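Asker: Below you will find the structure I want to go over with you.
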Amino acid sequence: MTKLVTYTSGDQPRLGAVYGDLIIDLAQANGAFPQDVPSGRNWASGAVGFLEAGDAALKALRRLVEKVSGLDEADARGRSILIPANSVSLLPPVPFPPKIICVGRNYGKHAEEAGRPISEIPIIFARFAKTLVAPGGKVVVPRVSHQLDWEGELAVIIGKGGRYISRKDALDHVAGYSIFNDVTVRDYQFRISQYTAGKNFAHSGPFGPYLALRDEVANPHALQITTTLNGEVVQSGNTSEMLFDIPAIIEHLSEFIDLEPGDLIPMGTPAGVGFTRKPPRFLTNGDTISVEIEGLGTLTNPVVDEGTPA
């Protein structure tokens, strides 16, 4: 039981664990079978609280799954411990990460197609949590530009925070992995050398569908990434192509910032983005963009023009 989702049932965000085609509502399950999680009072009510509770939350999760597996399914559904997955709306797995720290130009072929040099140190830029888009949520083409581009990426979620984290210890600080689409407004990105404007338009950061905890992924550096636009493959790469691997990025970031539980690190995109095509190709109203990563599911979002009714 190693995949977590954040979802809404009514108006309240809930933390759940994937259980076949059902979701275990962790707060409801913990109410039925209280778990002792020291310093983890909110461990079952939200993703950041779960991650802050660390190994104690993981152990409590496993105990809850064992308890729930012994219940009559109809009874568990009647008590809202088990929820049909198709009856809820997913949110980003970590709806409001403390930080979103993106890695740019981390695949050699992408740097080559973009006509950019390979950097000797990681290229880092920030996103804001308000830009995140839920699985199935609408990606919005802004009225000030039609150069909206896709970037399918592996997302790393920090579990144990820290500063000056060594390469050899870095993966111990990873809670798990997900999918990110670093949708970018290209003309705003390329106006100046800083990426901030082009990377922070509203409704431009699809993230999900779930957080696969670390034991779910045998080797995060050997995962196929495929991006499709209206069913056509536009990106096909592998995380083995990353110039700076996950330990290198965590070591680098922690030199100048304290990493925290719930921090989100999109690791850069492989070749195949739209602005490098001849002619360039961008997202338009009515498109559907999907990113699939081996073992992590598929993140799919419709594209609409700004001002389209909800």
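Laboratory data are not the source of any read-out in this text; all were calculated from the coordinates shown. What you see is a predicted model; the values in this text were computed from it and never measured. Heads up, the Cβs are rebuilt from the backbone with ideal geometry, glycines too, and the neighbour counts pull from every protein chain shown.
Asker: Would you calculate a helix-derived [θ] at 222 nm for the chain, using -39,500 (n - 2.57) for each DSSP H run of n ≥ 4 and dividing by the full residue count, to the nearest 500?
Answerer: On the way: 7 runs with 56 residues, N = 310.
After summing the helix terms and dividing by the residues of the chain, the value is -5000 deg cm²/dmol.
Asker: Relative contact order of the range 159-310, please, whole-number percent, based on alpha carbon pairs below 8 angstrom and at least 6 residues apart.
Answerer: Values: 239 pairs, mean separation 44.6, N = 152.
That works out to 29 percent.
Asker: Of the candidates THR269, THR239, THR284, which one comes out as most mobile in a Gaussian network treatment of the chain with C-alpha springs shorter than 10 Å?
Answerer: Of THR269, THR239, THR284, the most mobile in the Gaussian network model is THR284.
Asker: If you don't mind, another one. Work out how much length GLU294 to ASP187 would gain on full extension: take 0.36 nm times their residue separation and subtract the Cα-Cα distance, in nm to one decimal.
Answerer: On the way: separation 107, 0.36 × 107 = 38.52 nm, distance 3.14 nm.
Contour length minus Cα-Cα distance gives 35.4 nm.
Asker: Given an 8 Å cut-off on Cα distances and at least 6 residues of separation, report the relative contact order of the chain as a percent.
Answerer: Values: 740 pairs, mean separation 70.4, N = 310.
23 percent.
Asker: Evaluate the charge dipole of the range 39-79 about its Cα centre and quote only its size in Debye, nearest 20, assuming +1 on the Cβ of each Lys and Arg and -1 on the Cβ of each Asp and Glu. Working shown, then result.
Answerer: Values: 7 positive and 6 negative charges, 21 e Å.
Around 100 debye, computed over the range 39-79.
Asker: Straight distance only, please: which lysines reach the Cα of LYS109 with their own Cα at less than 26 Å, same-chain residues fewer than 8 apart left out?
Answerer: Once the sequence-local lysines are set aside, what remains near LYS109 is LYS199, LYS278.
Asker: Right, here's the next one. What distance in nm separates the simple spin-label points at PHE96 and ARG41, each placed 7 Å from Cα in the Cβ direction?
Answerer: 1.7 nm
Asker: Further question: How high is the relative contact order of the range 78-148, given as a whole-number percent (alpha carbon pairs under 8 Å, six or more residues apart)? Write out the running numbers ahead of the final one.
Answerer: Details: 50 pairs, mean separation 25.9, N = 71.
Dividing the mean separation by the residue count of the range 78-148 yields 37 percent.
Asker: Extension gain ARG62-ASN230, at 0.36 nm per residue separation less the Cα-Cα distance, in nm? Write out the running numbers ahead of the final one.
Answerer: Details: separation 168, 0.36 × 168 = 60.48 nm, distance 3.87 nm.
Full extension from ARG62 to ASN230 adds 56.6 nm.
Asker: Can you tell me the mean projection area, over all orientations, of the convex hull of the range 47-108's alpha carbons? Units nm², please. Can you show the working numbers first?
Answerer: Numbers: hull surface 28.5 nm².
Result: 7.1 nm².
Asker: Between the alpha-carbon centers of the range 138-166 and the range 55-106, tell me the distance in whole angstrom.
Answerer: The two parts, judged by their Cα centres, are 22 Å apart.
Asker: Are there trypsin sites (Lys or Arg not before Pro) in the range 187-266 that DSSP puts in a loop and that have at most 11 other Cβ atoms within 10 Å, and which ones?
Answerer: Working: sites: ARG191, LYS199, ARG214; in loops: ARG191.
Counting only loop positions with at most 11 other Cβ atoms within 10 Å, the trypsin sites (Lys or Arg not before Pro) in the range 187-266 are ARG191.
Asker: Oh, and also: How high is the FRET efficiency from ALA222 to ASP55, r the C-beta distance, R0 22 Å, rounded to 0.05? Don't skip to the answer; put the middle values down first.
Answerer: Working: r = 26 Å, r/R0 = 1.17.
Efficiency, rounded to the nearest 0.05: 0.30.
Asker: Between 0 and 90 degrees, rounded to the nearest ten: what's the tilt of helix 246-256 against the longest Cα principal axis of the chain?
Answerer: Approximately 90 degrees, to the nearest 10.
Asker: Now for a separate question. Need one number: nm distance between label points at LYS278 and LYS130, each 7 Å from Cα along Cα→Cβ, rounded to one decimal.
Answerer: Modelled inter-label distance: 4.1 nm.
Asker: OK, next. Report, ordered by chain and residue number, the lysines lying within cross-link reach of LYS160, taken as a straight Cα distance under 18 Å and ignoring same-chain residues fewer than 8 apart.
Answerer: Those lysines meeting the cut-off are LYS3, LYS59, LYS99, LYS168.
Asker: Beta carbons within 10 angstrom, averaged per residue: use that to sort the peptides 155-166, 90-101, highest first.
Answerer: Numbers: 155-166: 19.7, 90-101: 22.5.
Ranking, from highest mean packing down: 90-101, 155-166.
Asker: Helix 55-69: angle to the longest alpha-carbon principal axis of the chain, degrees 0 to 90, nearest 10?
Answerer: 60 degrees
Asker: Once phi is turned into ³J(HN,Hα) by the Karplus curve 6.51 cos²θ - 1.76 cosθ + 1.60 with θ = phi - 60°, what whole-Hz value does each residue of the range 153-159 show in order, with x for glycine and proline?
Answerer: Each residue of the range 153-159 in turn: 9, 6, 10, 9, 10, 6, x Hz.
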